[in-house]
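I have placed the structure first, in the form of C-alpha cells, so that the comments after it can refer back to it.
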Amino acid sequence: MSAAAAVRWQACAEDIPTVAGLSALAGRYDAILCDVWGVLIDGAKHFAAAADALRAYRAGGGTAVLITNASRPSQEVRRQLEHLGLPGGCYDDLVSAGELTLREIVARNGAACHHLGPKRDIGLFESAGRQLGAPVRLVGPRDADYVVCTGLIDEDHETPEDYDSRLEELRRRDLVMLCANPDIVVEVGDRLYWCAGALARRYADLGGDVRMFGKPHAPIYDAALARIDELKRAPTPRRRVLAIGDGAETDLRGAGAAGLDCMFITRGVHREELYRQGEELDRRALARLLARAKTKPVALAREVVW
C-alpha cells in the first residue's frame, strides 16, 4: 500500500462513527442482512444480546435475513442455530453458501463429484440426492468431473499447506472447484479453524477454476436480497438494507460490492488485531482492514446490541 493510500484509509478510519447499538441506525433501514459466526454465535453458544437486538428490530417492522458462509444447506444451519439456543423469532429467514452450492450440485445432475472436506458435511450431498431422486455420484479425484470443497478433512491437525499435492492433482485435471464456504478461518469458542476458502485460495493460486457462493461474492447477496423482496412483497432499495458483519474481507467487502451500508462489528474475528492495547480500538489497525476490504462501513459497533 502506497503512503498516499495509507493516509487516505487512515482518514477514513478516523471518520467512521461508533454506535452504542443497532437502535441508532435501525430507523434508516427496512431490512438487515446479518452475519452469523462471530456476530450471533461463536460455535459454542449464541449471543443473547444480539438475538434481542434483532428481535427488537423486527418488532419495529424491520426484516432480518441471516447470511452465512456456512457450507451446509440452510435447513441444517437453522437446526444448528436452534441447538445453540438462538431464538427463531429473531430472524425471518436464512441464506447459506451451502444452500447455493447445493443448487449448483443439483444443476450438475449426473456428473461425478469429488468431495474435499470432512465427513460431517455429507448432508450437503444427501440433500442434493433427495432433490434429484438419486444419490450424488461421489468419487475419488481421478474419476471426478468437478470438486466440492467444504473444508479441511481433519481441521484439528491439518493446515492448508498439507493439501498442496492434492490440489496440484486436481489442477492437472482442470477440475472446477465449487467452494461451499469462502471463509479463510472461523472462530469456534476461543480457537480459529481453517475453512474451505483457504483451500480454494490455494487452488486459485495454482491456476484452478474456483466458483465461490458465499460472501463477499455476488451470488449470496443476490439470493438474500431477493428473499427480502419476497418477504416484503415489494422491491427494497439497496440503500434501505443494512449489512452487519465482523469480517473485513467477507462481510465488509461483500456489502460494499453489493452497494449496501455495513455496520462493522469490531469485537468479532478481528478483535485481537483491533484491540491490541486493551479496550481502546486501534484505528491504524482498522485502516489496514479497510484497505484490504477496499471499502468503509457506515458505522462501527463493538457487538450487536439494541
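The values are calculated or read from the model by the stated rules, or taken from the named source; none is laboratory data. Owing to the predicted nature of the structure, the values given are computational and were not obtained by experimental measurement. A quick note on method: Cβ atoms are made from the backbone with ideal geometry, for glycine too, and the neighbour counts reach across all protein chains shown.
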Only residues that are part of a helix (DSSP H, G or I) and over 12 Å from GLY247 (Cα atoms): list them for segment 287-306, please. ALA287, ARG288, ALA291
For ASP93, only one of the following conditions fails: (1) surrounded by 17 or more Cβ atoms within 10 Å (Cβ to Cβ); (2) touching a Lys or Arg at 6+ places or on another chain (Cβ under 7 Å); (3) modelled with pLDDT of 95 or more. What is its number? (1)
When restricted to LEU100, LEU124, LEU116, the only residue closer than 28 Å to ALA243 by Cα, out of contact with any Lys or Arg (no Cβ under 6 Å at 6 or more places or on another chain), of a type outside the set (Phe, Trp, Tyr) and at pLDDT 95 or above is LEU100
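Yes or no, residue by residue, for (1) buried (at least 19 other Cβ atoms within 10 Å of the Cβ); (2) modelled with pLDDT of 95 or more; (3) over 22 Å from ASP42 (Cα atoms):
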residue: LEU225; (1), (2), (3): yes, yes, yes
residue: PRO237; (1), (2), (3): no, yes, yes
residue: LEU242; (1), (2), (3): yes, yes, no
residue: ALA257; (1), (2), (3): no, yes, yes
residue: VAL269; (1), (2), (3): yes, no, no
residue: GLY278; (1), (2), (3): no, no, no
residue: ASP282; (1), (2), (3): no, no, yes
residue: ALA285; (1), (2), (3): no, no, yes
residue: ARG302; (1), (2), (3): no, yes, no
Taking interchain pairs and intrachain pairs at least six residues apart, which have beta carbon atoms under 7 angstrom, with the first residue in segment 279-295 and in contact (Cβ under 8 Å) with a residue 40 or more places away in the chain and the second surrounded by 16 or more Cβ atoms within 10 Å (Cβ to Cβ) and part of a loop (DSSP other than H, G, I, E, B)? LEU281/THR266; LEU281/TYR275; LEU289/HIS270; LEU290/LYS296
Within the group VAL148, VAL136, VAL176, which residue is more than 24 Å from TYR193 (Cβ to Cβ), under 23 Å from the mean Cα position of the chain (by Cα), surrounded by 14 or more Cβ atoms within 10 Å (Cβ to Cβ) and at pLDDT 95 or above? VAL176
Pick from ALA218, ALA196, ALA204: which is surrounded by fewer than 19 Cβ atoms within 10 Å (Cβ to Cβ), among the small types (Gly, Ala, Ser), touching a residue at least 40 places away in the same chain (Cβ under 8 Å) and within 21 Å of GLY98 (Cα to Cα)? ALA218
Residue under evaluation ALA234, criteria (1) touching a residue at least 40 places away in the same chain (Cβ under 8 Å); (2) aliphatic (A, V, I, L, M); (3) assigned by TED's automatic domain parsing to the domain that holds VAL65; (4) more than 18 Å from LEU66 (Cα to Cα), criterion not met: (1)
Some residue of segment 215-231 being assigned to a helix (DSSP H, G or I) and of a type in the set (Lys, Arg): yes
Of LEU167, LEU206, LEU132, the only residue that is among the hydrophobic types (A, V, I, L, M, F, W, C) and in contact with a strand residue (DSSP E or B) (Cβ under 9 Å, 6 or more places away or on another chain) is LEU167
Name the single residue that is modelled with the lowest pLDDT among those in segment 59-84 being crowded, with 17+ Cβ neighbours inside 10 Å and assigned to a helix (DSSP H, G or I). GLU76
Can you tell me which of VAL176, VAL185 is of a type in the set (Val, Ile, Thr) and in contact (Cβ under 8 Å) with a residue 60 or more places away in the chain? VAL185
